[in-house]
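*Asks:* Encoded as structure tokens, here's the structure I'll be asking about.
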Amino acid sequence: CRCCADGRRHSSILYNILRNQERAAASPAGQGSRPRRGPGQASRGCPCGGWRRRRVALRSPQVACKAASAVLVKTLRFVQNVPCFQELPLDEQLLLVRSCWAPLLVLGLAQDRVHFETVESAEPSMLQRILTTRRQGEQPPPRGTAPGRPHHGPAGGGGPQLPSAGEIQAIKGFLAKCWSLDISTKEYAYLKGTVLFNPDLPGLQCTQYIEGLQREAQQALNEHVRLIHRGDEARFAKLNVVLSLLRSINANVIAELFFRPIIGAVSMDDMLLEMLCAKL
């Protein structure tokens, strides 16, 4: 963005030398000291919010991907152990799991208190892209793909790419919200039931049955909250806010962040089908 371009220009050696000379001439003591920031004054980032579009990757992909894979296995095992879910036809089960595996996984990450860190992905410069293209005789790699990382999408650049900092911030904000509420194991179970039994999915045949199961999960959560947290009348509403935050979680972002480094171009739908039919 323009703000970042101005920042790079202002960080050049010549610019800093000239600015120091101006400060030295303007200061009464002849010293070009930089004014210090007061307490609590942090340096501001890009004012246009361009940092949210920067592509990021996991700092420790082996550790984070292993933890996410373990949570996915536990999540599908939880789903398989729900008796009402097993009574549904297989195609209905698969439709529900395909639509909600990502929110259920993020809830599992929060429940297991999985922490992960990301680093900004260093994209190749335009000159490097041109030179690499000339040497290899190929099309330049699409922007947003880390150097040395295989791109799994089509050559036109329409395939998956690294998540943005803003998307990762949404995931971390959701985890922090859950941890601040100190959600119990039973509350997580009722939240997962509410997410799993979504009657609004197109293509469902057992809509009324699934709607009733979601209603039962919400009622059980409300009764549990009133029994355990009698002094906190707003807790049930806070937990429903957690559910609303899940709508901002993109399944493609979760797949690209935690599973693309280990499964490559394998379809998540195919993997979920295989895991759902297996005895986990």
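*Asks:* Could you grab me the full set of residues in the range 55-112 that are touching a residue at least 60 places away in the same chain (Cβ under 8 Å), surrounded by fewer than 16 Cβ atoms within 10 Å (Cβ to Cβ) and β-branched (V, I, T)?
*Replies:* V73 - this is the single residue of the range 55-112 that is touching a residue at least 60 places away in the same chain (Cβ under 8 Å), surrounded by fewer than 16 Cβ atoms within 10 Å (Cβ to Cβ) and β-branched (V, I, T).
*Asks:* (1) open to solvent by less than 20 Å² (accessible area, probe 1.4 Å); (2) at pLDDT below 95; (3) charged (D, E, K, R): which one isn't true of R149, the others all being true?
*Replies:* Failed condition: (1).
*Asks:* Being farther than 23 Å from L76 by Cβ and among the basic types (K, R), is that true of even one residue in the range 182-196?
*Replies:* Among the residues of the range 182-196, not one is farther than 23 Å from L76 by Cβ and among the basic types (K, R), which makes the answer no.
*Asks:* Out of L127, L58, L104, L88, report the one residue that is at pLDDT 95 or above and of a type in the set (A, V, I, L, M).
*Replies:* L104
The values are calculated or read from the model by the stated rules, or taken from the named source; none is laboratory data. Keep in mind that this is a model prediction, so the values were computed, not measured. Neighbour counts are summed over all protein chains in view; Cβ atoms, including those assigned to glycine, are modelled from backbone coordinates with ideal geometry. For the accessible areas, the whole protein counts, side chains as well, though only heavy atoms, and no ligand, DNA or RNA atoms are used. Shrake-Rupley method; radii C 1.70, N 1.55, O 1.52, S 1.80 Å.
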